[in-house]
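Read the structure below first, then the notes.
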């Protein structure tokens, strides 16, 4: 091997060669450092020994000087290379430079394709064209102040191809997004730089964090940018790219810095503008917009972060806590108001759901409803997670959120008043919307699910004395966990006995608060929507009949009537879609069944930690807590099951064992005035019973027969069938005297659902035997001081039938008079208003006549099947059978006469 080859091999193995960009550069440097050789040969080779020694000594000294000089040169070169690497790292991370030289003169290794040239800083440094540890902070600050960084972009390499992503990254005008990108690049550098440069790479990462904190604390410096919008956009981009972890890590470091130094601005002053921007954007989003769910993910992050969550719950406190509408105008209220319901009641223009319903097929409507249900499921699940996070983050956020909920429900208590439905203009100026309460109820229902099992021991920790507490101070509410307000004014299942003291607890569980707040929310929200749907259903039927009549007669008003029908149908379909979301209905079903099981346990006096089996006769009440349970617990249950029967009958088939809990509740409370004083509420339980029983009505040709297997099984296998039948007859008798001034008219509406129940019970052996037993007891005690229950029942049936038949005949005579006037042409000369009044009177009389005749038919029919069994006691059978045979023909004649043209 030649000397030159040996030298090349020696240099390539030299560890200092790594400081050069290539082995060729190292060789060039080494060749320039070699000592010059003397050109002249020695003339006298016979030098003395001493001269030779001196020559050797001088040569050694010269070599020592040369080694020191070479070492210094290597150290100088090493420092230069280190500085070069630092400069390149800064350029890669921050995409800035002081070097504006020809790109072809730069090495392409480790240099980004584009950088922002800091011209002013370069001129101030007077010829220094590199960035280092001393000037990086100033350089980054200058870069953030550049108004249009895209105008200062330069090519860093000789490649002049179009590179849009490089241009976008280097010329980013958003300070927050730019700093986050620098943070990402610095993290990448930390993982791959040599150990000598690691500390500086970490310093660059920390610089991005500290500068972001400075930007957030002094946003007024960046006059052309909205810094808080940029922070929100950064979170949105993170969620939409499905990679939010790096954004979270970046924000965690920034938040730690903001919390450690709050002299310039408090943490809340930084976050509140972001929350305001969030609210301003989300209020215009629709339920089915995918962007909405990215915003909800951001809100989920806010609720999950302890410090942001505290700012959030403080931010949503309303300016006027007594105004119900103010809660809807908060950030949380704005989110809760998003729904497929009309934004402005009665205004269908701009509504994006169920357009042109009369021209849409049933399948198209069903598909659109399913689509809405899918989005609603996602939306309400995120709402549930947000509330759950706020409750779990800290005791402070829990207290503030529960205070918000308690204040909101108290301020909106007027929603349940009768006048609220009659004065919509005032209603919408005072109270939060239906959408707000529907979504709030759905989220709270999900929070209740961990204990919503009929035999869950957790249910028995519920303490109803919570509802008896009156005015408490804020400190007491915090310490005792009492946040609902005004419950002491609610009517309870039974009055508080005069001698019974109120034994309230020192503090109440979250389960107690959650259950009460959820039931109160359902009372204020779901109840009203149910009433609206019933009224709309009736109005649609009337409009449809009127519109068809107008079209057949060629009335010019037919187009206007059709438009009214279309508008009302849009409202109805939207409301139905909002109220029949499957997951929400299942959660509500679990809650109501669990509430029924809980009230039964309270009704039998169970105060232990385990459920006790229901048995009859019921024990006497002693120190019962039913006097603290608001009536809206039972009203909500009734509303919900009646709603299911009308609008979502298939859900009842999924209830399984829940039906048994409902039957238990009805059996215990419906006929028992000691446990439920309100006769109207007990009569409503009969309607609930009618709603959950199997219905076998004939269906239209081609229609699918509803599945009733679960309901049939629950009724047929019910263990307390005799007591249920007796409770039904008992409430039938009790509602004769309710104490209400309109009790006479009301009782027929209350008794209407009882007839099909009795008819169904009569077909089942266990129920029929129970009714026969009551009849036998009545026959044996006909002369008793207090008439037996069944005897009073038969007496009322016959009285009702006589009255209803008489009323039906009177309506028939009035109808005949009006028909004769119309047929003789007497209406032709009347003014249009007078004629419309006559037509309206005829129609109303016909409806009243039909109602009274149908009710009399039901009453006589009940008497008929009760007397069809010859095994009934002779006095009872003879009395009722003879009366039935007399009145039934009259009833049939009246029914035929009421078939108006």
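The residues on offer are 201, 256, 242, and the sole one that is in contact with a helix residue (DSSP H, G or I) (Cβ under 7 Å, 6 or more places away or on another chain) and either outside the structural domain of residue 132 (by TED's automatic domain parsing) or without any contact (Cβ under 8 Å) to a residue 60 or more places away in the chain (or both) is 201. Is it the case that the stretch 380-390 has a residue that's more than 19 Å from residue 518 (Cβ to Cβ) and either assigned to a helix (DSSP H, G or I) or in contact (Cβ under 8 Å) with a residue 40 or more places away in the chain (or both)? Within the stretch 380-390 (the criterion being more than 19 Å from residue 518 (Cβ to Cβ) and either assigned to a helix (DSSP H, G or I) or in contact (Cβ under 8 Å) with a residue 40 or more places away in the chain (or both)), the answer is no, since none of the residues qualifies. Count of the stretch 834-864 residues, restricted to those that are surrounded by fewer than 14 Cβ atoms within 10 Å (Cβ to Cβ), at pLDDT below 85 and over 50 Å from the mean Cα position of the chain (by Cα), is 0. Residues that are within 26 Å of residue 398 (Cβ to Cβ) and loosely packed, with under 12 Cβ neighbours inside 10 Å were ranked within the stretch 477-505; the one that is modelled with the lowest pLDDT is 503. When the stretch 538-584 is filtered for residues that are out of contact with any helix residue (DSSP H, G or I) (no Cβ under 7 Å at 6 or more places or on another chain) and not in a helix (DSSP H, G or I), the ones remaining, listed by number, are 554, 555, 556. Is it true that residue 505 is assigned to a loop (DSSP other than H, G, I, E, B), in contact (Cβ under 8 Å) with a residue 40 or more places away in the chain and closer than 30 Å to residue 647 by Cβ? Spelling it out, it is not the case that residue 505 is assigned to a loop (DSSP other than H, G, I, E, B), in contact (Cβ under 8 Å) with a residue 40 or more places away in the chain and closer than 30 Å to residue 647 by Cβ. Against the definition (within 30 Å of residue 546 (Cβ to Cβ), at pLDDT 85 or above and buried (at least 17 other Cβ atoms within 10 Å of the Cβ)), how does residue 807 come out, yes or no? When the stated conditions are applied, residue 807 passes them. Taking residue 476, is it out of contact with any helix residue (DSSP H, G or I) (no Cβ under 7 Å at 6 or more places or on another chain) and not in a loop (DSSP other than H, G, I, E, B)? Against the criterion (out of contact with any helix residue (DSSP H, G or I) (no Cβ under 7 Å at 6 or more places or on another chain) and not in a loop (DSSP other than H, G, I, E, B)), residue 476 qualifies.
Filtering the stretch 781-790 to residues that are touching a residue at least 12 places away in the same chain (Cβ under 8 Å) and surrounded by fewer than 21 Cβ atoms within 10 Å (Cβ to Cβ) leaves 782, 788, 789. Checking every residue in the stretch 758-767 against the condition of being assigned to a helix (DSSP H, G or I), at pLDDT below 90, crowded, with 20+ Cβ neighbours inside 10 Å and out of contact with any strand residue (DSSP E or B) (no Cβ under 9 Å at 6 or more places or on another chain) gives zero matches. A count restricted to the stretch 117-150 and to residues that are out of contact with any strand residue (DSSP E or B) (no Cβ under 8 Å at 6 or more places or on another chain), touching a residue at least 60 places away in the same chain (Cβ under 8 Å) and assigned to a helix (DSSP H, G or I) stands at 5.
The values are calculated or read from the model by the stated rules, or taken from the named source; none is laboratory data. Everything numeric in this text was worked out from a predicted model, so none of it was measured. Backbone-built Cβ (ideal geometry, glycine too); neighbour counts: all protein chains shown.
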